[in-house]
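No value in this document is a laboratory result; all are computed from the given coordinates. None of the values given here were measured: they were computed from a predicted structure. Cβ: placed from backbone, ideal geometry, glycine included. Neighbour counts: every protein chain shown.
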Amino acid sequence: MPFLTDDGHPLDELALAQRPADGYRFELREPFVYVDPASGRRYPVPEQSGQRVETDLASVPTLVWAFIASYGRQSAPAVMHDVYAAPTDEPVTPDRRAELERRREVDRVFRTALREQGVPLLRSTLMWAWVSADRERGLAGVAGAVFVWQAILGAIVVVAASVLAFWNIGWLVLAVLPAIAAVPWWRLAPLMLLLNYSGAVLSPLVVLQLLAVAPFRLIEVIVELVTGGDPGSVVRPTAVGRSGRRR
């Protein structure tokens with residue numbers, strides 16, 4: 001078992017305190033260690049003794065909670081990732097390229113930890129893809145911005161090709177374009193392909209989820225307004241905020 005307690009026993013409890021009591025952030029109460037089976041490296045959480053670790057667990061947007069929850073088997077890997085994947089505007093290393101490589105390894109370890117915890121392959125791969133896209137956006141400069149926008153546009157092209165194919169099957173040829181456009185990214189090409197095609201598959205599902213949730217949220221807002229309550233409470237604490245990192 002790759003997750004261990006501070007004294008080396010298998011981790012059978014993840015001790016978290018909800019802070020504040022009605023919020024979405026949690027503070028780690030007991031340290032643990034992850035041992036990466038690929039490199040053998042140990043990842044203590046917190047990284048240094050005495051550090052305070054705050055987290056929102058897996059930073060999953062509310063609209064996709066029906067598909068991937070913010071907690072569960074992914075909780076321990078998510079807490080570890082929050083500690084080692086420092087905010088992109090506060091790089092751990094002064095060299096931005098070195099920091100990007102460090103984050104890529106941290107994200108790889110996150111994916112490995114998810115699989116070790118029994119998170120299904122598709123789910124763990126999607127979670128890795130999302131944090132990886134955010135990493136490129138935050139640390140790769142202009143190339144990172146282009147990467148993210150290409151991922152979004154590629155998904156849109158695939159969706160458009162699928163819709164147009166109802167009238168003419170020939171439009172499906174367009175769905176190949178994102179794959180061709182991914183080739184110049186070389187080592188990042190598999191990630192680009194995953195973002196393009198998974199985005200195309202998930203986006204209609206997210207829209208359906210929004211159509212199901214939005215009317216209920218609207219009713220909640222109306223009730224709050226009529227009763228003199230706080231309409232903002234309708235989305236708190238279910239709105240996902242920025243993860244707490246090392247402190």
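Taking square-rooted eigenvalues a ≥ b ≥ c of the alpha carbon gyration tensor, is segment 1-139 rounded, prolate or oblate, where a/c under 1.5 means rounded and, failing that, a/b exceeding b/c means prolate? It is rounded, given that a/c, with a ≥ b ≥ c, falls under 1.5.
Taking amide H positions as modeled 1.01 Å from N, with prolines and chain starts lacking one, the residues under 5 Å from Val53 and 5 or more places away or on another chain are Leu28. Scalar couplings 3J(HN,Hα) for segment 167-179, obtained by applying the Karplus form with A = 6.51, B = -1.76, C = 1.60 to θ = phi - 60°, are 9, 8, 4, x, 5, 4, 4, 4, 5, 7, 4, x, 5 Hz; x denotes Gly and Pro. Of the residues Tyr24, Tyr34, Ala113, the one whose Cα sits farthest towards the positive end of the charge dipole of segment 1-139 is Ala113 (charges of +1 on Lys and Arg Cβ, -1 on Asp and Glu Cβ, taken about the Cα centre). For the chain, a simple Cβ point-charge model (Lys and Arg +1, Asp and Glu -1, everything else neutral) yields a dipole of about 560 debye relative to the Cα centre. Annotation: amide H of Leu16 within the under-5 Å range of Arg29, sequence separation 5 or more or interchain, hydrogens built in the peptide plane. Each of Asn196, Gln74, Trp171 was scored by the projection of its Cα onto the charge dipole of the chain, and the greatest displacement toward the positive side belongs to Trp171; charges sit on the C-beta of Lys, Arg, Asp and Glu. Take each peptide in 55-65, 73-83, 106-116, count the other Cβ atoms within 10 Å of every residue, and average; sorted highest first, the result is 73-83, 106-116, 55-65.
Taking the Kirkwood radius as Rh and the Cα radius of gyration as Rg, the chain has a ratio of Rg/Rh equal to 1.01.
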